[in-house]
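Inspection log for the structure reproduced underneath, given as structure tokens.
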Amino acid sequence: MSSAISRSLRLRSIYSSITAQWRLNNLSFHGLPENSRHFPSDFCIDDRYRKTPAFAAINFKFLCTTATGNATNQSNTNATATGTSASGWSEGDSGNSNDGKSSGGPHGKPVRSGPVSWMSFFLLFCTGAGLVYYYDREKKRHIEGIDSASNAVKQGPSVGKAAIGGPFNLIDHNGKAVTDNNFVGKWNMIYFGFTHCPDICPDELQKLAAAIDRIKEKSGMEVVPVFISVDPERDTVEQVREYVKEFHPKLIGLTGSPDEIKKAARAYRVYYMKTEEEGSDYLVDHSIVMYLMDPNMQFVKFFGKNVDADSLADGVIQEIKQHKMVKA
Amino acid sequence: MALEAYASQSSDSIHTDVLSQARLACYKARDAFYACLEKESNKKPTESAYVGLLYPAECKKTREAYVNQCRPTWVKHFDRQYCAKKRVQRLLDDNESRRGV
């Protein structure tokens with residue numbers, strides 16, 4: 001029986017040594033016989049085994065434990081590098097209890113179980129749990145960082161503002177010459193249009209007037225509506241006066257010389273263009289936008305044609321509140 | 001300076017036809033005309049208004065009232081708007097009928 005076992009062991013170790021040798025080093029199969037010579041030659045050496053010293057020791061171990069049990073310790077001390085592979089070979093070998101025992105331990109001590117033990121499971125579990133916990137904490141910290149960063153950006157006005165606004169030199173609807181400094185100290189809503197506008201400017205100005213009233217009753221804040229004409233040739237002071245009178249008592253209408261209007265429109269990035277009709281009448285194509293300016297005449301926010309009076313009022317109140325928060 | 005120039009210009013009449021009363025009258029006439037168009041949409045359009053808008057002879061009266069009330073540029077502007085709206089509606093409606101073809 002022991003001969004059968006030793007034969008199967010031999011075959012297995014032959015196969016393993018061949019594959020291992022081929023994997024681990026590029027030396028030719030026939031180039032190694034010298035290495036195996038320095039082992040004690042009276043142990044069952046077979047010149048079929050062209051192998052590295054370490055594997056030679058393993059093979060010795062397998063071969064010799066079937067024959068002589070006391071060679072185990074010596075060969076195990078030589079097999080320092082291949083503890084794990086040897087233990088792999090011993091799997092499933094039910095024939096010899098010695099072999100099962102002598103797998104692996106780098107110090108020659110027999111390890112009782114295979115590579116997967118309860119201890120290793122426990123360690124693995126601990127490592128996994130530790131990693132999960134650590135990364136979870138990191139993620140929470142990162143998310144908090146993002147939250148606080150986004151809040152900071154919202155409140156900081158110095159994080160890049162649109163370059164809208166600038167000095168202008170115009171005449172108001174009472175004939176008085178005003179510059180942008182006259183509007184410093186109060187919040188302003190500026191709308192660019194012209195009096196001969198068929199439907200859009202009246203609608204927008206009505207919306208603006210309603211919003212101003214709503215802001216006043218909701219929050220008590222004073223916002224000054226301003227109308228600047230982009231059609232200075234037809235919009236005289238009287239014309240503008242009659243026009244703005246109908247919308248809101250606080251609405252201030254501005255007009256001026258075409259050059260000044262051009263400068264103001266450029267400062268506020270407003271497009272306007274006369275559409276030539278036949279006859280003396282024409283319409284002026286212009287961008288439909290309202291600018292909210294803070295008490296220093298700095299640009300805060302713009303509102304387009306799509307907002308209705310309520311949204312406009314709410315938007316303005318929100319901007320004013322945020323501005324106050326930042327300044328405080 | 002500029003102030004005097006504007007003061008002298010004030011002797012010209014203020015264009016009252018763009019002030020609110022005139023505007024509202026214009027809007028009313030305009031709406032009346034377009035309502036007539038909608039009502040008589042099955043009739044054949046024979047008369048021609050501005051910018052290619054056609055309307056049936058039944059709406060001639062409302063058309064005249066409309067043109068009288070509003071400035072001609074405004075009439076053109078509103079006609080153009082109406083045509084664009086009609087075109088978009090036609091586009092949306094047509095998509096329904098062409099499905100499955």
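At a glance:
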quantity: One residue from A:V111, A:V116, A:V178, A:V159 being of a type in the set (V, I, T), surrounded by 10 or more Cβ atoms within 10 Å (Cβ to Cβ) and at pLDDT below 85; calculated: A:V111
quantity: Breaking point among (1) touching a residue at least 60 places away in the same chain (Cβ under 8 Å); (2) surrounded by fewer than 21 Cβ atoms within 10 Å (Cβ to Cβ), for A:L254; calculated: (2)
quantity: Unmet requirement for A:E233, which otherwise passes all of (1) away from chain B (no Cβ under 14 Å); (2) surrounded by fewer than 16 Cβ atoms within 10 Å (Cβ to Cβ); (3) outside any helix (DSSP H, G or I); calculated: (1)
quantity: Residue within segment B:47-62 that is more than 9 Å from chain A (Cβ to nearest Cβ), at pLDDT below 85 and at positive phi present; calculated: yes
quantity: Any hit, segment A:178-198, residues being within 14 Å of chain B (Cβ to nearest Cβ), closer than 18 Å to A:F302 by Cβ and either in contact with a strand residue (DSSP E or B) (Cβ under 7 Å, 6 or more places away or on another chain) or not in a helix (DSSP H, G or I) (or both); calculated: yes
quantity: Inter-residue pairs, beta-carbon under 6 Å, first within 13 Å of chain B (Cβ to nearest Cβ) and more than 14 Å from A:G304 (Cα to Cα) and in segment A:199-212, second open to solvent by less than 20 Å² (accessible area, probe 1.4 Å) and acidic (D, E), 6+ apart; calculated: none
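Here is a yes/no grid of residues against (1) more than 47 Å from the chain's Cα centre (by Cα); (2) open to solvent by 20 Å² or more (accessible area, probe 1.4 Å); (3) under 21 Å from A:P202 (Cα atoms); (4) away from chain B (no Cβ under 11 Å):
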{"site": "A:K245", "(1), (2), (3), (4)": "yes, yes, yes, no"}
{"site": "A:K250", "(1), (2), (3), (4)": "yes, yes, yes, yes"}
{"site": "A:D259", "(1), (2), (3), (4)": "yes, yes, no, no"}
{"site": "A:A265", "(1), (2), (3), (4)": "no, no, yes, yes"}
{"site": "A:Y271", "(1), (2), (3), (4)": "no, yes, yes, yes"}
{"site": "A:L292", "(1), (2), (3), (4)": "no, no, yes, yes"}
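The values are calculated or read from the model by the stated rules, or taken from the named source; none is laboratory data. Fair warning: this is a prediction, and the values are worked out from it, not measured in the lab. All Cβ positions, even for glycine, are placed from backbone atoms using ideal geometry, and neighbour counts span all protein chains on display. To get the accessible areas, we keep the full protein, side chains included, count just its heavy atoms, and leave off ligands, DNA and RNA. Shrake-Rupley method; radii C 1.70, N 1.55, O 1.52, S 1.80 Å.
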